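Asker: I'd like to ask you about the structure that follows.
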Amino acid sequence: MGNPTSKKRPNPGGRLTNNFSTYFKVKPEDFTWQVVCTDIGKIDIPPHSPYPPNKDGHPAPFKSVATGRILDEYQIIYITRGGGSFETRGRRWQVSTGSMFFLFPGVEHAYRPNADTGWEEYWIGFKGSYIDALLQAGLISFEKPFFQIGYSPTVLQYYAAIFESVKQTEPYYHFKVSSLINMLIAEVLPHNHQGRPLSRAEQLVDQAKFVMTQYVGSSLTLKELWDRIGVSSSHIGAIFKEATGLTPYQYFIDLKIEKAKTLLELRDEPIKRVAYDLGFEDPYYFSRLFSKKTGVAPSHWHRIASETDAKGSGA
């Protein structure tokens, strides 16, 4: 995979709030990986804002998304806030929070947020023989490009992991990105053939996981998060514990520790910086908590990862 161009990268530790887009110059040898990432991005469109924002920051074929365009790649679009519309092959769908849709090479499409709501959008573009095979096998299809996955913290984590890998651009990062795209597709395909709808309690647990994943790098309290989604601490606490076996606090801390592992493996920065990026105001508390959860200090975790990378690269 070639070098990324025209990009604004997100803060990998905190909530995925920054708008950014990255487009890759794909080389023929990149198709060895069977799935090649061509572009990726995230935008948060406030109500009554132009769409797409910053048209000059996108290659020419991508600019006319609101009025109609044809691309030479696949894309997966995930809407995590707001609503709008999606049109392709003479059909039109109403988009809402939790909507996901596939774009296909050579197929005209258009989508846009409602002016009154705006929306938050994650996308990833890709090509490759593996995706072509899925299409030929009918696992993805022109007839069913749109489906509702709701609040999926797992899907959000895959997008975040891909963003992080793109940001780091370490040796063979494109191989990791290709693997993550495969896992993302494997995660969302069952939603295109899903059976019974989720119960209200299941939806609420998924929404709670989702918002904790979004704000894993925030210093917001859980009560502040619950206020944002309009539920009481006691109500969500009871159904969350019943569904997962963990309290929301335990789940949130586990998320932060897992994210800390990734950041310590990828970054060469002071431990206190990792702590701050995960919402810990006291780096010493973070270090004690990390040691308790993993059995090793953050500095030791980072050193092991660095030594492993050095051996793998032949340094």
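FYI, it's all coordinate maths here, none of it is from the lab. As the structure is a computational prediction, the values presented were derived from the model and not from experiment. A quick note on method: Cβ atoms are made from the backbone with ideal geometry, for glycine too, and the neighbour counts reach across all protein chains shown.
Asker: Suppose R0 equals 22 Å. What FRET efficiency, 1/(1 + (r/R0)^6) with r the Cβ-Cβ distance, do THR247 and SER299 give to the nearest 0.05?
Answerer: So the FRET efficiency works out to roughly 0.15.
Asker: Treating the beta-carbon of each Lys and Arg as +1 and of each Asp and Glu as -1, no other charges, what is the dipole magnitude of segment 200-312 about its Cα centre, to the nearest 20 debye?
Answerer: Using Cβ point charges on Lys, Arg, Asp and Glu, segment 200-312 gives about 200 debye.
Asker: Which far-off residues, 5 or more places away or on another chain, put their amide H under 5 Å from the one on SER218, with H placed in the peptide plane?
Answerer: Here the answer is ARG15, since their amide H atoms fall under 5 Å of that of SER218.
Asker: Given H placed on each backbone N at 1.01 Å, which residues far from VAL107 in sequence or on other chains put an amide H within less than 5 Å of it?
Answerer: Residues meeting the criterion, in which the H sits 1.01 Å from N, are LEU71.
Asker: Quick one: what are the phi-derived ³J(HN,Hα) couplings along segment 203-220, Karplus 6.51/-1.76/1.60 with θ = phi - 60°, whole Hz, x for glycine and proline?
Answerer: Running phi through 6.51 cos²θ - 1.76 cosθ + 1.60 with θ = phi - 60° gives 4, 5, 5, 4, 5, 5, 4, 5, 5, 5, 5, 4, 9, 4, x, 9, 8, 4 Hz.
Asker: Please sort by residue number the GluC sites (Glu not before Pro) in segment 43-152 whose DSSP state is loop and whose Cβ has at most 12 other Cβ atoms within 10 Å.
Answerer: Those satisfying the criteria are GLU143.
Asker: Give a residue-ordered list of calculated ³J(HN,Hα) values for segment 34-44 (Karplus: 6.51 cos²θ - 1.76 cosθ + 1.60, θ = phi - 60°; whole Hz; x for Gly, Pro).
Answerer: Listing the rounded values in order: 6, 10, 10, 6, 9, 6, 7, x, 8, 9, 10 Hz.
Asker: Separate question: Can you tell me how the chain classifies by the Cα gyration tensor, rounded, prolate or oblate, using a/c under 1.5 as the rounded cut?
Answerer: Since a/c reaches 1.5 but b/c is at least a/b, the shape of the chain is classed as oblate.
Asker: On to the next question. Do you know the relative contact order of the chain, to the nearest whole percent, from alpha carbon pairs under 8 angstrom that are 6+ apart?
Answerer: It rounds to 16 percent for the chain.
Asker: In terms of modelled amide H atoms, which long-range or inter-chain residues lie less than 5 Å from the amide H of TRP119?
Answerer: Close amide H contacts, sequence-distant or interchain: ILE45.
Asker: Please list, in order along segment 158-163, the HN-Hα scalar couplings obtained from phi with the Karplus expression 6.51 cos²θ - 1.76 cosθ + 1.60 (θ = phi - 60°), rounded to whole Hz, x for Gly and Pro.
Answerer: 5, 4, 4, 5, 5, 4
Asker: Please state the shape class of segment 200-312: rounded when a/c is under 1.5, otherwise prolate if a/b exceeds b/c and oblate if not, all from the C-alpha gyration tensor.
Answerer: It comes out prolate by the Cα gyration axes.
Asker: With runs of 4+ DSSP H residues as the only contributors, calculate the mean residue ellipticity of the chain at 222 nm using -39,500 (n - 2.57) per run, divided by the residue total and rounded to the nearest 500.
Answerer: Computed ellipticity for the chain at 222 nm equals -13000 deg cm²/dmol.
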